[in-house]
Amino acid sequence: MTSAEASAQPRPAGAAPTASYRLQLQPGFTLRDAERAVPYLAALGVSHLHLSPLLAAVPGSTHGYDTVDHGRISEQLGGEPALRALAAEARRHGLRLIADVVPNHMALPVPEQLNQPLWQVLRDGPDSPYAPWFDIDWTSQPGPWDAPERGRLLLPLLGGRLGEVLGELAVDGEVLRYHDHAFPLRPGTAGLPLPELLARQWYRLAWWELAGSELNYRRFFTVNELIAVRVEVPEVFEATHRTLLRLHADGVLDGFRIDHPDGLADPLGYLRRLAAATGGAYTVVEKILTGPERLPADWPCAGTTGYDALRRIDGVLTDHLGAERLVAAYRHDTGAGSASEAARQGRAELTAPHGELAAEVDRLVRLARRICAAEPALADHAAPDLREALGELLTAYPVYRPYVRPGEPAPPEAVADVEAALPGGGATGELVRGLALGRLGRSAAKDEFCARFGQTASAVAAKGVEDTAFYRWNALLSLNEVGGDPGHPGVRPADFHHWCGYLQESWPHSMTALSTHDTKRSADARARLAVLAELPERWAAECAAWMTAAGPCPDRGSAWLLWQTLIAAWPVGPDRLVATVLKSAREAKQRTSWTAPDERFEHALADYARGVAANPGLHPRIDGFVRTLAPYARSNSLAAALLHLTVPGVPDLYQGSEEPLHTLVDPDNRAPVDLGALAVRLTDSPVDRSGDLAREKLHLTTTALHLRRTFGPYRPLAAEGPAAAHLLAFERGPRVISAVTRLPYGLEHSGGWRGTVLELPAGRWTDQLTRRTFGAGPLQLGALFEHLPVALLTEGP
């Protein structure tokens, strides 16, 4: 049986994938388009198609995370008939489907009636049968005039203060309209004068700037348009998962990717409920692991979506000492502090009294005060003291969140993290630590505090670090990915091997990833940037020359971002360049932001970027430098790809990444890919692929994917000789060896392999990438890597 024939053999339902391929469904690439791509993806060698969210979303959505209806598959993607047709075509080619599930939130859309459960809550308030669906603190806002104690929902979406826009509101039958927005009127209020009508609703329309301080519904991070859903309520879980579970029971869906589990009140409980409902379907979670943090061992899932793998693969291909020199140069040039200081500052700004997550912190303060008022032994903690202790704890917390379940002992790592983050604070600090860890007994309010603290901590981590600090600290952009730690660049080979052994032992079916819809730069873009760490002084001199040609940038930190973005995505047009630079500046929130834009600064920055892109004298210089980096970037790209495809776990390929992909932060990285063209190139049979990175990477990808079914246990291998540190190699069972070059610039400039050898076990070995054969014993690495900087050896033909 050929490898292509083997890939088409049926797989039992529920089996773990050998590899998956992520497809970003959207109006420009629907389920019908995915169906047409199935033969190509089967020939490529994956076992599963990994589909972005399927349920009905806001019209025109290009990502699908803004769900409006859990009861139907999105019609703009083709609807359920198209999904079933895709599943049938996939099965005919031996493939299965994994669906992205969004349990944490729904869209608060425009017009609002697109979300019917929310529409009914707006109309009927806390008495609506859908009120338990949404995470709303009804007590924080006074209710309608006739029911002030019942509370109401704050909707901060007006362009100005209410009095300034009152004339823009209009009643249309039973609907209140504000531009494109539409809100249901509480029954019996349609004929009232407008001021009284507004005061009688179960919602309060307000100026958008009040969101930070007065918002009383939980969001996805700081996105007001995504309102949190309470899937911890069994009835809500059932209602929001019914369609996907039915499709799983019918054999249409085989597994699930869980989006943002850290936003849930009880991630473990959710995963247990999902496992019970699916009979243990293959499930991975978008859990971001920070530093040495590990996935909780009791979570009933196959593992993560792979950012932990990305960090190790990128890290082992990054020159630690060179990256440190870049960091020192960046800090000297910009006056920036350390990466850890940037992360702490980003967190602190979010939780400050006027920060973007101030409302979430204030909700915790209200909960704590309610708990203290109910128990004399806990009384007399002032609100400012509680807020200060909570802010300190959330700012210093070292990972995304603790996993404390009320009524159960807190995990030791959670206890250590909480106590390290808030070591003092006196009696108030002790109270906050006790509440966060669930050590002060049980009550409804205490249980809610415990869960809500974890949810808030994860939002602070995500927004404060990856969505703030990683946009303002630009020493080496390839380090600034989700879960990364730019303050500690690089991963030692020994630590890489140790992590691979842990993954094989504990989470053998966890996903691994290099590029995703959320990476700020694709794997090949980062592979180019990683070369800069090997030549920091040469890069500094090049930047200085470019700066001389372009003139001074309006912001020094943005200049570092701009020059590296040019390298990462070259050739890059002015529109892509400006969009990335402006988004980064707004996310950094130092000179401008999304909520408080400095138009003068933004115009200056955009004009500077466009001037660079249009500078005829700079283009040859930039192009020449990128060409200088090309052989080393090629080595990094192929090395990362082979590691991704051969380390333990399930490689998840992002659409189009089987060939060189130099994309930037979303939406740049979410455009549809021409899979038909890739299918044509896959059938090409060139005599010589060397020198054509696209052909090399595609050939490497499909070769490794078809070999994955023969992989065995992971065992590190070491080279001997003066350049041994530049080899990373391991066995996958007794008949497969993966070997890659690391730090290629340093290797070349230190004299090459110079007699460095890798001892091959007994047998005749074939490099499946070049079809050359080698005998047992010491193999000269200069000979092994004569044509490619990587090798995939199998014993036998």
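Taking the DSSP beta bridges with both ends in the chain, the antiparallel portion is around 60 percent. Going by the alpha-carbon gyration tensor, a ≥ b ≥ c the square roots of its eigenvalues, is segment 112-228 rounded (a/c under 1.5) or, if a/c is not under 1.5, prolate (a/b greater than b/c) versus oblate? It comes out rounded by the Cα gyration axes. Each label was represented as a point 7 Å from its Cα along the Cα-to-Cβ direction; for A396 and E75 these points are 5.5 nm apart. Of I622, I567, the sequence from fewest to most neighbouring Cβ atoms within 10 angstrom is I622, I567. Taking other Cβ atoms within 10 Å as a rough exposure proxy, H619, H706, H749, H105 sort from fewest to most as H749, H619, H706, H105. Could you point to the residue in A228, V285, L274 farthest towards the positive end of segment 193-294's charge dipole, with +1 and -1 charges on the Cβ of Lys/Arg and Asp/Glu respectively? So the residue furthest toward the plus end is L274. For each pair in K463/K589; K287/K697; K287/K583; K520/K697; K520/K589; K520/K583, compute the distance between the two Cα atoms and list the pairs where it is over 19 Å. As for pairs spanning more than 19 Å Cα to Cα, those are K287/K697; K287/K583; K520/K697.
Note on H749 and D127: the model spin-label points, each 7 Å out from Cα along the C-beta direction, lie 7.5 nm apart.
Ranking L390, L176, H726 by Cα position along the charge dipole of the chain, where only Lys, Arg, Asp and Glu carry charges on their C-beta atoms, puts H726 farthest toward the positive end. Computed from the C-alpha gyration tensor, the three semi-axes of the ellipsoid equivalent to the chain are 46, 30, 27 Å, from longest to shortest.
Think of the chain as a dipole: +1 on every Lys or Arg Cβ, -1 on every Asp or Glu Cβ, centred on the Cα centre; then among V101, L698, L158, L698 lies furthest on the positive end. Seen against the Cα atoms of the chain and their longest principal axis, helix 599-614 is set at about 20 degrees. Calculated mean residue ellipticity, 222 nm, the chain: -13000 deg cm²/dmol, from DSSP H runs (n ≥ 4) at -39500 (n - 2.57) each, averaged per residue and rounded to 500.
Evaluate the Debye formula for segment 712-797 with equal point scatterers sitting on the alpha carbons, no solvent, and hand back log10 of I(q)/I(0) at q = 0.15 Å⁻¹, in q order, two decimals. Taking Cα atoms of segment 712-797 as identical point scatterers yields -0.48.
Amide H contacts for L176 (H built 1.01 Å from N in the peptide plane; partners 5 or more residues away or on another chain; cut-off under 5 Å): F183, L185. Modelled spin-label separation between R772 and E505, with each label point placed 7 Å from Cα along the Cα-to-Cβ direction: 3.7 nm.
In terms of surrounding Cβ atoms within a 10 Å radius of their Cβ, K697, K583 rank from fewest to most as K583, K697. Each Lys and Arg Cβ is given +1 and each Asp and Glu Cβ -1; about its Cα centre, the chain then shows a dipole of about 1360 debye.
Annotation for segment 109-214: GluC sites (Glu not before Pro) lying in DSSP loop with at most 14 further Cβ atoms inside 10 Å of their Cβ are E149, E174. A Cβ-based charge dipole, computed about the Cα centre of segment 391-447 with Lys and Arg at +1 and Asp and Glu at -1, lands at about 200 debye. Full extension of the chain segment joining D495 with A373 gains 38.9 nm, where the gain is 0.36 nm per residue of separation less the Cα-Cα distance.
Rule-based calculations on the coordinates, nothing more; no lab input. Since the structure is predicted, the reported quantities are computational estimates derived from the model, not experimental observations. Neighbour counts are summed over all protein chains in view; Cβ atoms, including those assigned to glycine, are modelled from backbone coordinates with ideal geometry.
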